[in-house]
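A quick write-up on the structure given underneath.
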Amino acid sequence: MRGFRRRAEVREVEGVLEDRVEPLASEAVATCNAGGRVLCQEVVASLDIPQFDRSAMDGYALRAEETFGASAYAPTDMRVVGSAFPAQPFAGLVGPGEAIRIMTGAPVPVHVDAVVKVEDTRPGPTDDVVQICGAVSPGKNISSRGEDIRAGTTVFEPERALRPQDVAVLTALGIQEVMVYRRPRVDILVTGVELLAAGSRPEGFRIVDANSPMLEQLVLRDGGTPIGHPIATDDLDAIMTALSSCTGDAILICGGSSVGQEDHVPAAVRALGELAFHGIAMRPSSPAGVGFFGARPVFLLPGNPVSCLCAYDFFAGPSIRSLGGRPRNWTYRTRDLPLVRKLTSEIGRVDYARVRVVNDRIEPLMVSGASILSSTTRADGVVIVSADSEGYDAGDTATVHLYD
């Protein structure tokens, strides 16, 4: 057992990951399954939306100029010569003084230029006459061809994470499949003889693995597919065997990352690949590390839950997002607010400080230790104190990254 000879700066580690972790290859997926995926190519509309002039209301299609002067007190009578329904256009001609019944979404005949909504009409003296009780202008209540999207328009740029409404637009354009970045597969491996599998109850001097479920949710949030593994014992050969079985695009190994007698993970990573960093100037998470198995990044996450979350936020999360074509920047919403009281740090160390937001003011949580998992649920977010700062005085404005 011996301490760290050197702790790398957070920015140094982030820089290496930015340089070495690149988006995965692209793949074609069915548009209906593309929600949440990230485009790797431009999408250009090949047709107009809508593809024809269509009614935006239930009512009567006619020539707008023939309604001028019409009112509830002096309605204009129009002869009804037919009807139009969605996908069933009126096939005849609409002459002077004539109109057709039309339903929402139905094609508008080329020789009429407005729709009077049904609420602005009333029955005429005979079944084939409608009274128009208000004037309309040309184009009123008509969705014109290309009003929504014009053919040749760039609909989406590359690097866009597709939302449900984006999938709807792609589907409306008749696009059956899109090219997206492959979703990163992420191995999640935890170590520790004291751990029971998630879903168990604590017993004796053994505790339940809480980090795996947390990491699975974080990976899903960041667009990855988590791959679970059995808990590995605190044994070098067992850890090497478990790591060798990992087939994902990135590996998260939680626990055994420090410099204690049972901390074999750094040696295992070094033996199987490259241990680029071990020990980082931050609090918590100073025992964190980063390695590579070829092009695959390996993240050594401390077993203490808050340290695990902190190291994930700084290093693993941005890299998983990058593998899937997403921006590396943190996903948390931020607010700039004043501090209730002083928040201290040390020059040369990045602090991940848990805080609450009370009455639009930041209140640091009075906790210490990286094993206080409940502090992350009591916290509304975190304030990051940079390595070149000694912290904030009461009343100073700081940026809080909100967990919600």
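Only the coordinates and a few stated rules stand behind these numbers; no lab work does. Just so it is clear, the structure is predicted and the values come from calculations on it, not from any experiment. Here Cβ is always computed from backbone atoms with ideal geometry, including for glycine, and neighbour counts include all displayed protein chains.
Looking at V115, G69, A197, which one has the Cα that reaches farthest to the positive end of the dipole of the chain (charges on Cβ: Lys, Arg +1; Asp, Glu -1)? Result: A197, furthest along the dipole toward the positive end. Relative to one another, the C-alpha centroids of the range 1-53 and the range 76-143 are positioned 51 Å apart.
Of the two radii for the range 39-103, the radius of gyration is 1.19 times the Kirkwood radius, both from the alpha carbons; that is the Rg over Rh value.
What is the Å³ per residue value for the convex hull set by the Cα atoms of the chain?
It comes to 214 Å³ per residue, whole-number rounded.
Binning the C-alpha pair distances of the range 54-143 at 5 Å intervals from 0 yields a P(r) profile of 3, 17, 30, 28, 16, 5, 1, 0 %, listed from the shortest bin outward. In this Cβ point-charge picture (+1 for Lys and Arg, -1 for Asp and Glu), the range 333-402 has a dipole of about 320 debye about its Cα centre. Stretched out straight at 0.36 nm per residue, the stretch from T241 to E390 would grow longer than its current Cα-Cα span by 49.3 nm. Only Lys, Arg, Asp and Glu carry charge here, each on its Cβ (+1 for the first two, -1 for the last two); on that basis the chain has a dipole of about 600 debye about its Cα centre.
When a/c is below 1.5 the answer is rounded, else prolate if a/b is larger than b/c, else oblate, so apply that to the range 333-402 with a ≥ b ≥ c taken from the square roots of the Cα gyration tensor eigenvalues. Verdict is oblate for the range 333-402. The GluC sites (Glu not before Pro) of the range 20-101 meeting both criteria, a DSSP state outside H, G, I, E and B (loop) and at most 15 other C-beta atoms within 10 angstrom of the site's C-beta, are E42. With contacts taken as Cα pairs under 8 Å and at least 6 residues apart, the chain reaches a relative contact order of 17 percent. The longest stretch of the chain left intact once loop-based trypsin sites (Lys or Arg not before Pro) with at most 11 other Cβ atoms within 10 Å are removed from consideration, loops following DSSP, is 7-404.
Extension gain for E18-V155 works out to 46.4 nm (0.36 nm per residue, less the C-alpha to C-alpha distance).
Which of rounded, prolate or oblate describes the range 191-313 when judged by the alpha-carbon gyration tensor and an a/c cut-off of 1.5? Rounded. If R0 is 41 Å, the Cβ-Cβ spacing of R201 and L272 corresponds to a FRET efficiency of close to 0.75. Neighbour counts of other Cβ atoms within 10 Å put M103, M78 in the fewest-to-most order M103, M78.
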